[in-house]
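I have placed the structure first, in the form of structure tokens, so that the comments after it can refer back to it.
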Protein chains: 2
Amino acid sequence: MGADNQQERLNSYWISGFTDGEGCFHISINKNSKMSLGWQVLPEFRIVQHEKDESVLNKIKNYFGFGNVKVNRKDFHGTRKEFRVRGMENLEKIIEFFEKYPLETSKKKDFEIFKEVLLKMKNGEHLNNKGLDKIAYLIQEMNRKRNLNYLKSSETKR
Amino acid sequence: MGADNQQERLNSYWISGFTDGEGCFHISINKNSKMSLGWQVLPEFRIVQHEKDESVLNKIKNYFGFGNVKVNRKDFHGTRKEFRVRGMENLEKIIEFFEKYPLETSKKKDFEIFKEVLLKMKNGEHLNNKGLDKIAYLIQEMNRKRNLNYLKSSETKR
């Protein structure tokens, strides 16, 4: 986790506090015919900001040394940008970070589920039906209990 | 700034990061016949959260050793709570805090204006028309340029 300019480097606890306000641990299960079960589990960590604060997203990217800053969406409030991290290797570093600099709000529960799902994925549990079901039910506990297409899909009714 | 339980105490930079996400430096100018000019300048610092995270607002209050946690509003999303600080003495401590643990987003600009207005108030500038006008124009620069009743009011057209 290097920074080009030590003076510009964000404080670790600042990032933890900012994430408690603005961060999101998100996991989707998407249809993907290339996967053996036909579904892909896609975990990601995101921090979304109005484009006027893109510079702080770049500072966060600079702190971690990975991830991307890109357009989140455009709407009538203007353009929103996001710092986004995908991929097991980098997400494991994100998990290490928040274990060292813990979240303080109820977002910590989402983080704990996120961590649990990533551990299951590391053990390959998303590659069998029973494991994927478990992961889907865990995801439903996160982010205000969304309805997953995976769980609604007739393909999963066995 | 004492805490009852050292282990429970929030990290200062965490508070700074959380404020960049969730905090608000707010100044209103309200009609008040008790004031010599008929208007009262009311600066306050707020952090609003869903009631499920009231505990973190109490931790913030505990960190500072002043301020109040109370209902912000009720709506169809449930009840929202706020940590709120009013009063020159405590707001000066809030300013000292954010000078030591700086904000990183564009909210820093709001903070700088907030600081400028409080300095003017300390110098009594809000007690004369010219000073109050200056303060009103500064407030318009904050929080997405709200229209102030004070500036719209016919009473202020001199």
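The values are calculated or read from the model by the stated rules, or taken from the named source; none is laboratory data. Being a predicted model, the structure only gives us computed values, none of them experimental. Ideal geometry is used to build each Cβ from the backbone, glycine not excepted, and the neighbour counts take in all protein chains shown. Calculation scope for accessible area: heavy atoms of the full protein, side chains included, ligands and nucleic acids excluded. Shrake-Rupley method; radii C 1.70, N 1.55, O 1.52, S 1.80 Å.
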**Message:** Is it the case, given these coordinates, that residue A:131 is free of Cβ contacts under 8 Å to residues at least 12 places away in the same chain and surrounded by 16 or more Cβ atoms within 10 Å (Cβ to Cβ)?
**Reply:** yes
**Fill in**
Counting only strands (runs of 3 or more DSSP E) wholly inside segment A:1-94, the ones holding at least 2 residues that are open to solvent by less than 70 Å² (accessible area, probe 1.4 Å), farther than 30 Å from residue A:134 by Cα and of a type in the set (D, E, K, R) are A:78-85
**Request:** Give me the pairs, please: first residue somewhere in segment A:13-30 and at the interface with chain B (Cβ under 8 Å from one of its Cβ atoms), second residue anywhere and in a helix (DSSP H, G or I) and open to solvent by 20 Å² or more (accessible area, probe 1.4 Å), beta-carbon distance under 6 Å, and either six or more positions apart or on two chains.
**Result:** A:13/B:13; A:14/B:13; A:20/A:107; A:21/B:22
**Fill in**
Looking across segment A:95-128 at residues that are part of a helix (DSSP H, G or I) and among the β-branched types (Val, Ile, Thr), the single one that is least open to solvent (accessible area, probe 1.4 Å) is A:117
